[in-house]
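Worksheet: the structure to be examined is printed underneath.
The values are calculated or read from the model by the stated rules, or taken from the named source; none is laboratory data. Predicted, not measured: the structure shown is a model, and the values here were computed from it. Reconstructed Cβ throughout: ideal geometry from the backbone, glycine too, with neighbour counts over all protein chains shown. The protein model used for the area step is the full one, side chains on, heavy atoms only, and it has no ligands, DNA or RNA in it. Shrake-Rupley method; radii C 1.70, N 1.55, O 1.52, S 1.80 Å.
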Amino acid sequence: MDTGAGAGPPGEDAERRVRSRHWPWSRRWPVWSRHWSVWSRHGPWSRRWPVWVPYAAAVWGLLFAAVQVTWAATGTTVPWSPDVAYAPAVLLLLAALAVVAAGACLAAGRPLAGRGRVAVAASLILTVPVFVMGMAGLPAYVVTLASFSGVESATGLVHTLSSAVGAALLILVALSGRRRLRGRCPRCGHAHAEPFHGPLAHPGPSPASRRTRRTVHLLMCGILPWAGVKTIWTLGGDAIGVTAQGWREANAGASGVAKALESVGIDVTVLAAAAVVFLLLGLLYPWGQVFPRWTLFLAGRRVPRLLPLLPAWLCAVGLSVYGVVLLVYAPLSAVGVLPRMEASGAFTTGSGVTWMVAFGGLAFGGLGFGLIAAARSYAARTRPVCAAAAAPATATP
């Protein structure tokens, strides 16, 4: 696409482009305005995400680095988990990685070859897992906010949310760059001659494969021991060394919403797990792609693709990581490889704590890996393509 300032001899136009590479940024605003006017004529901004995502990721990286440096300099406590906080040196390291990611994203928006491509790819491979792990605590914050229990740490919430935003932007930059390298459309991933800012064609609703459904259903069963024990406590029963009275005393400081749910035998964390199960079923079956009849005025409309995918990806990381840690820790503690767990809180025996940790690992790991499998299937089944790639090819004279 030609976005030049005007018509002229080919040699003069090429010379103008060469000179523009050496202009200071303050003299390039006419170029920026021309590009923006061209982009703005081709549909909404969401269609042009391969163009603006690298710059958005670069801005995020610089802001993230500035916040981390400020926290490290002022000695601000930034928790990674309820019992572990980031050391100042770790915050400075995260700031440096964010700057590296910002530079890689700015370079990814320009034509690269050879070592430049390798450097950008290596930078993204290094930084993406770091920021993905930084959002692992997001499910815990969602539960506390949904139950009106307050926020344990504002800095921890800000850090987790900003890590999630950064991880999403960096993944999009890597995805669009990989598609460009393969000679495909950076938005839909298919090969077509038309620009990538045209309309999209969405596939019809379809269920996940039988193998995926069976796998996810099996993983969902992992919540049964954990949810069953918590329900027994909430209903006034005793289980694995915890009495109903001890459970009520341990949760005396819960929010009004949590206490109201407990009065009818519902634990707030079990309710949150049920919401994840609902999300999993929506990812597996067609009613997660087209609103069913019981949604009233939304019935028959296409479900926005990110509506189930965004919470699925955001929760999957934290749940799966937490579940794996608990499943590894519980048996190692039981056999004495790691320090044995002792009675604490409402638990009267160390073995009860060990069993509950194992049950929690099954529940959180099952839900986390179930979300990964279901979201992967849903993303593949609902992946839209540019209308130019979906339309049958026509002969041209």
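How large, in percent, is the carbon and sulfur part of the accessible surface of segment 254-393 at a probe radius of 1.4 Å?
On the way: 5120 of 7050 Å².
Solvent-exposed carbon and sulfur of segment 254-393 make up 73 percent of the total.
Quick one: pull the percent of accessible area on segment 101-179 belonging to carbon and sulfur, 1.4 Å probe, ligands and nucleic acids left out.
Numbers: 2780 of 3770 Å².
In segment 101-179, the share of accessible area belonging to carbon and sulfur is 74 percent.
HN-Hα J couplings of segment 347-352 from phi, Karplus 6.51/-1.76/1.60, θ = phi - 60°, integer Hz, Gly and Pro as x?
Karplus values, whole Hz, x for Gly and Pro: 7, 9, 9, x, 5, x.
Report the trypsin sites (Lys or Arg not before Pro) located in segment 156-216 that are in a DSSP loop and have at most 12 other Cβ atoms inside 10 Å of their Cβ, or state none. Before the final figure, lay out the partial values.
On the way: sites: Arg178, Arg179, Arg180, Arg182, Arg184, Arg187, Arg210, Arg211, Arg213, Arg214; in loops: Arg182, Arg184, Arg187.
Loop-located and lightly packed - Arg182.
Kindly provide the chymotrypsin sites (Phe, Trp or Tyr not before Pro) of segment 82-186 that DSSP labels as loop, not H, G, I, E or B, and whose Cβ sees at most 16 other Cβ atoms within 10 Å. Walk me through the numbers before you get to the answer.
On the way: sites: Tyr86, Phe131, Tyr141, Phe148; in loops: Tyr86, Phe148.
Passing both the DSSP loop test and the Cβ count: Phe148.
Just by accessible area at a 1.4 angstrom probe, what is the order of Asp238, Asp267, Asp83 from largest to smallest? List each step's numbers first, then the result.
Details: Asp238 105, Asp267 10, Asp83 145 Å².
From most accessible down to least: Asp83, Asp238, Asp267.
In Å², what does the accessible area per residue of segment 232-277 work out to with a 1.4 Å probe?
Working: 2270 Å² over 46 residues.
For segment 232-277, the solvent-accessible area averages 49 Å² per residue.
With a cut-off of 8 Å between alpha carbons and a minimum separation of six or more residues, what is the relative contact order of segment 61-161 in percent? Working shown, then result.
Working: 83 pairs, mean separation 28.3, N = 101.
It rounds to 28 percent for segment 61-161.
Counting other Cβ atoms within 10 Å, which trypsin sites (Lys or Arg not before Pro) in segment 296-397 have at most 11 and lie in a DSSP loop? Display every interim value, and only then the final one.
Numbers: sites: Arg301, Arg302, Arg305, Arg340, Arg376, Arg381; in loops: Arg301, Arg305, Arg340.
Sites meeting the loop and neighbour criteria: Arg301.
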